[in-house]
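Engineer: Structure incoming, see below.
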Amino acid sequence: MRTKTHLWLGILGIVLFVIVFLVPFAFILFTAAKTQTEAGELQFSLPTTWALLQNFRDALAARDYMLVIAFINSTILTVVSITILVVLSAMVAYVVQRRQSRWNGVINFLVLCGLIIPPAVVPTVWVLQSLGLFKTLGGLIFIEVAFGLSFCILLFRAFVATIPRDLDEAAIIDGAGPVRVFFKVIFPLLKSVIVTVVIVQSVVIFNDFANPLYFLPGDENATVQLTVFNFQSQFSTQYNLLFADILLITIPPLLLFLFLNRRIVEGMTAGAVKG
Amino acid sequence: MSTEVKPRQTVGPAVTAPAPPPAVRRKSPYPYWFCLPAAVIFFVFFVVPTFSSFFFSLTRWDLTTWEFIGLDNYVNFFQESALLTSLKNTLIYAVVTCGLKVVLGMLLALLLTSQIIARGFLRSVVFFPVLVSTIGVGLTFQVLMDPSGLINDGLALVGINGPAWLVDPKTALLSVALVDVWKGVGLATVIFIAGIVSIPREYFEAAAVDGASAFQRFRRIILPLSRPATTTVIILALIGGLRSFDLIWAMTRGGPGFTSDVIASVIYKQYQAGFYGLSTAGNVVLFILVTAIVFPLFRYFARQEVDL
């Protein structure tokens, strides 16, 4: 009796979940696979002729292969920002966790500020312009690093606390300097949290829309999230290409999700239980 | 921060010397210069803009030259009804999305920690939208929420006459908020699940022995013991809601008229229009709003934790 109710509850749940959470994605897929006229009707139906690959090709080729360039830009942005973020925030977390002093209060406060305070748009543009970094990929990389530091430091610090101090001390007695202790002994041990940080931040940076919009304007610099918008204005009626573009930029997070779902959830809920 | 770290690095050992013998403590194996690169980037690209925003919000400004005009930008901001609406909308948006994420996230977490079939699959399905591009979601729902679009077709099937969603000034903001909840509830759910799973089983066993009902179990065990998770969800959702820009920009661009503008979208619009001082004043207003709401909440929750 009890198992039966559970079964029905489960089936009802699945049906509702599918309608609410999966139908929108099916809609994206179907519309991206339709021909232009059929897509324009915006109906939720299977495409009569599947033109998915052709639409992908058209979306990629539009406006002098803008989407291809955007994918390259976004990849560079994501990879470089995350590399810098991982190394720098691990260094901060290591020192802050190991060394107790009055500076820790200051650093904790700054980390909290970084998490809470909304960045000031125009003054940041002003800083970038003064440094000659406005409208450059390098400038945007610094921005992503600056805005991502707080979250990464929090994750790393919690993990460094679980690494026994004996390890550093052994290495120090063997005559290793601080740099060697960190990079040869500690950093390799951070592997699992590094994976978490990389995954979570790559989703954040790859999906970032506002920062490229503010700090990296211009078609030749487009990142993937901005191409969707340019498509929308240019092809206001070409819904098949718009959705093909949306589908294409959803594929990287989808792949991450399929293979590393558990790791992502782990990273995003880290610290939540402890408060 | 960089200026604070540097002196410490040079005079630090001398200052800390009194306690342990200087010979042992000469150089810490955990040097503060490790913080320096991160500190410089954080300082230049976050702290400097934040502090200078207070100054530039008092000026008329074109990025190279500025003219001090006192509080004119703020007077403008609070006199223009469209801008005042954005302030009100920001609060409504943050409260609605935060409230719905907490309630729905908790309900979903209860469902997904109970013994239902396909639990793992359903958890994944709820979480997936968190990872998807906000802009993609926004544009998709813009199509789905068309007055004669898929959602209203679906509602008509069960006999509900759907609203005009984004086209109607009265429902536009709330429609965007609903999509925000759709996209973000998965994160709240997995945080609640992590909180519920970490509750020791003994409590439930004891409750079962005492013959507690399902509701009592929720009210007396799950709710109080998953409080840290609730705190996290509330604070994350509030910060996200107050700063929200992407989704609103993708779906309505603040329209129809200015009815779904929030402070973040006003900041961008004024920036595009070249009113840099006014845009920065908007930033300061948002800064004050976020800190005035979130910091006290942080402190309040921190104190609650101690009481427990």
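Engineer: Explain nothing, just compute: Karplus ³J(HN,Hα) = 6.51 cos²θ - 1.76 cosθ + 1.60, θ = phi - 60°, for every residue of region A:47-55 in order, whole Hz, x for Gly and Pro.
Structural biologist: My calculation for region A:47-55 gives x, 6, 10, 7, 10, 4, 5, 4, 5 Hz in order.
Engineer: Same structure, new question: Dividing the Cα radius of gyration by the Kirkwood radius, what Rg/Rh value follows for region A:1-146?
Structural biologist: 1.17
Engineer: Continuing with the same structure: Provide the convex hull volume over Cα atoms per residue for region A:66-274, in Å³.
Structural biologist: 151
Engineer: So, counting K/R as plus one and D/E as minus one, what does the shell of residues with Cβ under 11 Å around B:Ser213 add up to?
Structural biologist: Residues near B:Ser213 contribute +2 overall.
Engineer: With an 8 Å Cα cut-off and a minimum separation of 6 or more residues, compute the relative contact order for region A:1-128 in percent.
Structural biologist: Reported relative contact order: 11 percent.
Engineer: In addition: How much net charge surrounds B:Ala109 when only the other residues with a Cβ under 12 Å from the Cβ of B:Ala109 are counted, with Lys and Arg +1 and Asp and Glu -1?
Structural biologist: In short, +3.
Engineer: If you don't mind, there's one more thing I want to ask. What per residue convex hull volume, in Å³, comes out for region B:76-225 when only alpha-carbon positions are used?
Structural biologist: 165
Engineer: Could you compute Rg(Cα) / (2.2 N^0.38 Å) for region B:105-175, with N its residue count?
Structural biologist: Here the Cα radius of gyration is 1.39 times the empirical estimate.
Engineer: Nearest 0.05, what FRET efficiency do B:Leu91 and B:Gln304 give at R0 = 35 Å with Cβ-Cβ as r?
Structural biologist: 0.90
Engineer: Step by step: find N for region B:187-299, compute 2.2 N^0.38 Å, then divide the Cα radius of gyration by it. What's the final number?
Structural biologist: 1.58
Engineer: What ³J(HN,Hα) values, in whole Hz, does the Karplus curve 6.51 cos²θ - 1.76 cosθ + 1.60 give for region B:200-208 when θ = phi - 60°, with x put for Gly and Pro?
Structural biologist: Once rounded to whole Hz, the list reads x, 4, 4, 4, 5, 5, 4, 5, 5.
Engineer: Once you keep just the Cα pairs under 8 angstrom separated by 6 or more residues, what percentage relative contact order results for chain B?
Structural biologist: Relative contact order comes out at 26 percent.
Engineer: Can I ask one more? Using the alpha-carbon atoms, what tilt in degrees (0 to 90, nearest 10) does helix A:23-32 show relative to the longest principal axis of chain A?
Structural biologist: Helix A:23-32 sits at roughly 60 degrees to that axis.
Engineer: Relative to the longest principal axis of the C-alpha atoms of chain A, give the angle of the C-alpha long axis of helix A:191-206, reported between 0 and 90° and rounded to the nearest 10°.
Structural biologist: Between helix and principal axis, roughly 40 degrees.
Engineer: Take chain B, connect every pair of alpha-carbon atoms lying under 10 Å apart with a spring to form a Gaussian network, then pick out the residue of B:Pro224, B:Pro31, B:Pro163 with the largest mean-square fluctuation.
Structural biologist: B:Pro31
Engineer: Note down the relative contact order for region A:66-274 as a percent, whole number, built from C-alpha pairs under 8 angstrom at least six residues apart.
Structural biologist: Once normalised by length, the contact order is 33 percent.
Engineer: Just round it to a whole percent: the fraction of Cα-Cα distances in region B:234-303 exceeding 16 Å.
Structural biologist: Result for the distance tail: 53 percent.
Engineer: With +1 assigned to the C-beta of every Lys and Arg and -1 to the C-beta of every Asp and Glu, and no other charges, what is the dipole magnitude of the protein assembly as shown about the Cα centre in debye, to the nearest 20?
Structural biologist: Using Cβ point charges on Lys, Arg, Asp and Glu, the protein assembly as shown gives about 1900 debye.
Engineer: If you don't mind, another one. Sorted from largest down, give the three principal axis spans of the alpha carbons of the protein assembly as shown, whole angstrom values.
Structural biologist: Cα extents, longest axis first: 81, 74, 48 Å.
Engineer: Search the structure for amide H atoms under 5 Å from the amide H of B:Thr59, placed 1.01 Å from N in the peptide plane, and list their residues when 5 or more places away or on another chain.
Structural biologist: Correct list: B:Ile69.
Engineer: Separate question: Compute the long axis of helix A:2-17 from its Cα atoms, compare it with the longest principal axis of the Cα atoms of chain A, and write down the angle in degrees, 0 to 90, nearest 10.
Structural biologist: 70
Engineer: Would you kindly give the portion of the calculated P(r) for region A:168-263 that falls above 19 Å, as a percent of all Cα pairs?
Structural biologist: Here the long-distance tail beyond 19 Å is 61 percent of all Cα pairs in region A:168-263.
Engineer: Between B:Trp33 and B:Leu174, how many nm apart are label points set 7 Å from Cα along the C-beta direction?
Structural biologist: If labels sit at B:Trp33 and B:Leu174, their model points lie 6.0 nm apart.
Engineer: Ok, one more. Shielding of A:243-253 by partners, i.e. mean partner chain Cβ atoms within 10 Å per residue?
Structural biologist: 3
Engineer: What residues from region A:1-41 fall in the zone where the backbone N is under 12 Å from a label point 7 Å along the Cα-to-C-beta line of B:Phe121?
Structural biologist: Residues A:10-18 fall inside that zone.
Engineer: A further question follows. Using a/c under 1.5 as the rounded threshold, could you call chain B rounded, prolate or oblate? The axes a ≥ b ≥ c are square roots of the C-alpha gyration tensor eigenvalues, and prolate needs a/b larger than b/c, oblate otherwise.
Structural biologist: Since a/c reaches 1.5 but b/c is at least a/b, the shape of chain B is classed as oblate.
Engineer: A follow-up question, please. Return the long-range amide H neighbours of B:Phe275 (sequence gap of 5 or more, or a different chain), with a cut-off of under 5 Å between placed amide H atoms.
Structural biologist: none
Engineer: With 13 Å as the cut-off, how large is the P(r) tail for region B:149-200, expressed as percent of Cα-Cα pairs?
Structural biologist: Everything past 13 Å amounts to 69 percent.
Bear in mind these aren't lab numbers, they're just calculated from the coordinates by the rules spelled out. Since the model is a prediction, treat every value here as computed from it, not as a measurement. Here the Cβ is made from the backbone with ideal geometry for all residues, glycine too, and neighbour counts use every protein chain on show.
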